[in-house]
Amino acid sequence: MKKIVFVIALCFGIQAMNAQTVEELKAQKKEKQAEADKFQAEANAIQAQIDALPGWRVGAFGVIGGNISKFNNWYAQGIPNNSSGNIGFTVNAFANLQQEKFFWLNSANVNLAWVKLDNTDDPTDSDDFREATDVFNLSSLYGRKLSEKFAISGLMEYRTTLLSNFNDPGYLDVGVGATWTPIKNLIVVIHPLNYNFVFSDNDTVFESSLGAKIVADYTRNIGAINFKTNLSMFQSYESSDLSNWTWTNSFSYTLWKMIGVGFDFGLRQNKQEAVAFNLANGNTGTTFDNVDNKLQSYWTLGLSYKF
């Protein structure tokens, strides 16, 4: 009986010691976390001072996604014997110069993807990868500061595709106006005097024109998170048929060292492209008045790498 009582007492004693140890460890963790938060706040304040200094800021982040597969006699699907795959990547890069009286902001966005679905039972079916996503944007904004938040500015922006139909069409916006930076990392460009040069072999559909350019860009880095959203709009003074807009978004979260997960998506509306696409696909009666100007979109999800 005494042995049983001793064992029970020993168990309760061990449990009490463990409980005390857990509480002590939690208290130590709380204390260390408070110290870490304090040091992180100090580091953020120092980084803010660094960011405010004049000079160049250069960086980039991107997304890489892809998969390949092979099926043999998989009868549950419509094509039981096939090889398929998709590969894509996105790169967002910037090189910005900040000085006391002026700034020069440069950025590039490239989003390319390839896809294939080869029916191995069909000898005529292609086993090559085909272009799926094809986006290429360059922009350069120069501003002469009037105050901390306003500047007189000039913008040059170029958009096209790389994998197919390079510069057909291609869009080059050149204009002047004002730039507003209401908060840190947000840039709003309003250029009432802008010329939209359109390069294309199809002169009957694509036409250059004078208009207004509006750009809003927000780029932010918070610890392991990189985020960028960009809205670019052109409103033609000659005809709304010649207007267009593009909205792109990039997000990446670093999980381990420089590797993480990334997500990109974009939206666009361009009536000139809609008319040209329908005419090229045999809809010969398509005009600006009857075209179905559908919303264009793309998205990419995959591994990301922070450069």
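Where a number appears in this text, it was derived from the coordinates with a stated rule and is not lab data. Computed from a predicted structure; not experimentally measured. Here the Cβ is made from the backbone with ideal geometry for all residues, glycine too, and neighbour counts use every protein chain on show.
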Practice task
Could you tell me which GluC sites (Glu not before Pro) in region 88-172 are loop residues by DSSP with no more than 16 other beta carbons within 10 angstrom of their beta carbon?
Solution key: Glu100, Glu148
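Loop only by DSSP, 13 or fewer other Cβ within 10 Å of the Cβ. Give me the trypsin sites (Lys or Arg not before Pro) in region 117-217 that pass, ordered by residue number.
Here the sparse-neighbourhood loop sites are Lys149, Lys184.
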Problem - Calculated on alpha-carbon atoms, Rg and Dmax of region 144-243 in Å - result: 15.7, 50
Handout entry: the chain: angle of helix 2-52 to the longest principal axis, Cα-based, in degrees nearest 10
Key = 30 degrees
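Please express the shape of region 71-197 as an equivalent ellipsoid: the semi-axes are the square roots of 5 times the eigenvalues of the C-alpha gyration tensor, given largest first in whole angstrom.
Working: eigenvalues 430, 49, 21 Å².
Here the semi-axes work out to 46, 16, 10 Å.
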Practice task
List, in the order given, every pair from Lys116/Lys228; Lys101/Lys184; Lys228/Lys257; Lys38/Lys149 whose Cα-Cα distance in the structure shown is over 22 Å.
Solution key: Lys116/Lys228; Lys38/Lys149
Exercise for the section: Mind pulling the angle between the C-alpha long axis of helix 271-280 and the longest principal axis of the chain? Nearest 10 degrees, somewhere in 0 to 90. Expected result: 70 degrees
Practice task
Could you tell me the largest-minus-smallest coordinate of the C-alpha atoms of region 71-114 on each of the three principal axes, in descending order and whole angstroms?
Solution key: 68, 12, 8
Practice task
Please give the contour-minus-distance gain from Trp256 to Asn73: 0.36 nm per residue of separation, less the Cα-Cα distance, rounded to one decimal in nm.
Solution key: 62.0 nm
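For the chain, what Kirkwood radius comes out of the mean inverse Cα-Cα distance, in Å? Walk me through the numbers on the way to the answer.
Details: mean 1/r = 0.0420 Å⁻¹.
Every distinct Cα pair counted, the radius reaches 23.8 Å.
List the relative contact order of the chain as a percent without decimals, with contacts defined as Cα pairs under 8 Å and 6+ residues apart. Before the final figure, lay out each step's value.
On the way: 675 pairs, mean separation 35.4, N = 307.
Taking the mean separation of contacting Cα pairs over the length of the chain, I get 12 percent.
Report the local net charge at Tyr218: Lys and Arg +1, Asp and Glu -1, summed over other residues whose C-beta lies under 12 Å from its C-beta.
Working: positive: Lys184, Arg220, Lys228; negative: Asp217.
It works out to a net charge of +2.
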Exercise for the section: Please identify, among Ser139, Ser107, Ser83, the residue showing maximal mean-square fluctuation in a Gaussian network model of the chain using a 10 angstrom Cα cutoff. Expected result: Ser83
Problem - Taking Phe150, Phe94 and counting other C-beta atoms within 10 Å, the order from fewest to most - result: Phe150, Phe94
Exercise for the section: Provide Tyr195, Tyr75, Tyr171, Tyr298 in ascending order of the number of other Cβ atoms located within 10 Å of each residue's Cβ, fewest first. Expected result: Tyr75, Tyr195, Tyr298, Tyr171
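With N denoting the number of residues in region 179-291, provide Rg(C-alpha) divided by 2.2 N^0.38 Å, to two decimal places. The partial results should precede the final answer.
On the way: Rg = 18.3 Å, N = 113, 2.2 N^0.38 = 13.3 Å.
Compared with the compact-globule rule of thumb, region 179-291 sits at 1.38.
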